[in-house]
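Laboratory data are not the source of any read-out in this text; all were calculated from the coordinates shown. The model shown is predicted, which means the values in this text are computed figures rather than measured ones. All Cβ positions, glycine included, derive from the backbone under ideal geometry; neighbour counts span all protein chains shown.
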Protein chains: 2
Amino acid sequence: MQNNSARGATLPAYEQIKRYVLEQIEKGVLGPGDVVPSETELVKEFGVARMTVSRALRELMAEGVLNRVRGSGTYVAPRQYESTVLQIRNIADEIAARGHRHTARVLSLATSDDPSAIAALELESGPAFHSRIVHNEEGEPIQYEDRYVNPQVFPDYLAQDFTLETPNHYMVRLAPVQRAEFRIYAQKPDAHVRQYLKMEIGEPCLLLIRRTWVGRHVATSVRLWHPSSRFHLAGTV
Amino acid sequence: MQNNSARGATLPAYEQIKRYVLEQIEKGVLGPGDVVPSETELVKEFGVARMTVSRALRELMAEGVLNRVRGSGTYVAPRQYESTVLQIRNIADEIAARGHRHTARVLSLATSDDPSAIAALELESGPAFHSRIVHNEEGEPIQYEDRYVNPQVFPDYLAQDFTLETPNHYMVRLAPVQRAEFRIYAQKPDAHVRQYLKMEIGEPCLLLIRRTWVGRHVATSVRLWHPSSRFHLAGTV
DNA sequence: GAGTGGTCTAGACCACGGC
DNA sequence: CCGTGGTCTAGACCACTCA
């Protein structure tokens, strides 16, 4: 294993091994059910003690990324689609945490004079910024994001490339979210959303509506539609 | 540390140390913010290697039970207050908070040998207790509660009258919930649930699945079905 | 500077799976 | 039987906190 260099903190060896395995999964070198190199093999490959490899793989199992069977081997866990409600969430990070690839398709990015949106943002006058983005996990759509943004809080919103960074990540990076309000519904999607999410007719959506505050201003108001067959919310308290 | 005895599997040392610390918290010997004995002290007390103690405490930190600060010490994490999503736990209180009248109809209250329920409760053998209750707000059904209960934790569960007190209220009254895990789905109800909730065909349900822990035991595992037209989850963060 | 946690090593014994 | 993961030891060096 590489030693720590002069300056610039190096990650712990077990963390590097975790990332290595996650990378293999992200790249598609390892898929669900595939055998992950054994502890002995990783010990040789990384030149570390077995305890170190063991910790890396054990933590990945605790995170649901791997399954380990004594006497048999270590395997990539089947895909699980789930998400936590309580955190202010970034869908891209969640997908990455599962070792999957996130892609986004920007349907629109423009100003909007929708009065209900301007009211939701508690603006005195319009326009508001508006974006519609479909987020994919491994190419499969799992979120339709319909977002209104307060121009006073994020004046450069329209100039961003949201295929590279999610709106959520962009906003959290610029301004700390102080408060959020959410509602969760089970709802049938309209034809527009249903098509973009590639859903069967009759399949319900899990709809998460959220407003977040930065200081005294409503920073953003968003409707997140998720196909029920491929997505659920989860968490612990 | 005790060695493994002749027969009857003994828990790993790190697991015993975890349980020891959890017991101290359950008994109230250790409260939020209190200093947990240092690794060195636990090494002496249990007669194990420091790595073993380290693993026990690290895992408890990952589970949110402890906070560890390098150079300072290990502390009991502050009490995690029930989130909005968990707060629905008592449907009767929610209804009362809206100034409405709550009524309940007990469909069944009995033992059950359902293997998946026994597994969800992490019981070694059955039976489990099982109840099915419909909750009404102003006479309209808004929740179908399908609940399995651990008899070891609530031995008198079957003797209760759940038209007077909700199962949740009963259980919280007897034992403090320490941890909960939940999942939220949008799902089409089966015919049985749909009829009891008086729903239109095609209308989706908001389904909340939750397991709660009392001490080390899974106390209850519940599926809560809500008609999307009359119910949603909400909260602030 | 003493004490804390974070990481790591190079061994070890064991239980289990599959051949 | 061999290879797998699960656990454990008895050291070690380090970064950090706090008095």
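Value of Rg to Rh for chain A, rounded to two decimals, is 1.05; Kirkwood radius and Rg both from alpha-carbon coordinates.
In this structure, the amide hydrogen of B:Gln143, modeled 1.01 Å from its nitrogen in the peptide plane, lies closer than 5 angstrom to those of B:His135, counting only residues at least 5 positions away or on a different chain.
Cα-based radius of gyration for the protein assembly as shown, normalised by 2.2 N^0.38 Å, reads 1.08.
Computed log10 I(q)/I(0) for segment A:13-76 at 0.19 Å⁻¹: -0.63, from the Debye equation with unit scatterers placed on every C-alpha and solvent omitted.
If you plug the beta carbon distance of B:Lys44 and A:Glu15 into 1/(1 + (r/R0)^6) with R0 = 25 Å, you get a FRET efficiency near 0.25. Which residues make up the longest stretch of chain B clear of trypsin sites (Lys or Arg not before Pro) that lie in a DSSP loop with no more than 14 other Cβ atoms within 10 Å, not counting the sites? Between exposed loop sites, the widest span is B:102-197.
Per-residue ellipticity at 222 nm from helix content only, as computed over the protein assembly as shown with -39500 (n - 2.57) for each DSSP H run of at least four residues, stands at -7500 deg cm²/dmol. Between copies, A:Lys27 shows label-point distances of 5.2 nm, shortest first, with the point placed 7 angstrom from Cα along Cα to C-beta. For segment B:218-230, the Karplus equation 6.51 cos²θ - 1.76 cosθ + 1.60, evaluated at θ = phi - 60°, returns couplings of 6, 7, 7, 10, 9, 10, 10, 9, 10, x, 5, 6, 10 Hz by residue, with Gly and Pro reported as x. Close amide-amide hydrogen proximity is noted between B:Leu30 and B:Ile25, each under 5 Å apart and 5 or more residues distant or on a separate chain (H modeled in the peptide plane; Pro and chain starts excluded). Distances from B:Ser38 to itself in the other copies, using label points 7 Å out along the Cα-Cβ axis, amount to 4.1 nm in increasing order. Note on chain B: dipole from Cβ charges, positive end direction compared against B:Gln24, B:Pro12, B:Pro141; the farthest Cα belongs to B:Pro12. The string of couplings for segment B:48-59 from the Karplus curve (6.51, -1.76, 1.60, θ = phi - 60°) is 10, 6, 5, 4, 5, 4, 4, 5, 4, 6, 4, 5 Hz, one whole number per residue in order, with x for Gly and Pro. Sequentially through segment A:121-127, phi angles give Karplus couplings (6.51, -1.76, 1.60; θ = phi - 60°) of 7, 6, 8, 6, 8, x, x Hz, Gly and Pro residues having no value and appearing as x. The amide H of A:Thr10, built 1.01 Å from its N in the peptide plane, has A:Ser5 as neighbours under 5 Å, considering only residues 5 or more places off or on other chains. Relative contact order of chain A, please, whole-number percent, based on alpha carbon pairs below 8 angstrom and at least 6 residues apart. In percent, rounded to a whole number, it is 17.
Taking the label point 7 Å along Cα→Cβ, B:Asp93 and its counterparts in the other copies are spaced 3.0 nm apart, in ascending order.
Taken over chain B, lysine pairs spaced eight or more positions apart, or on distinct chains, with alpha carbons under 29 Å apart number 4.
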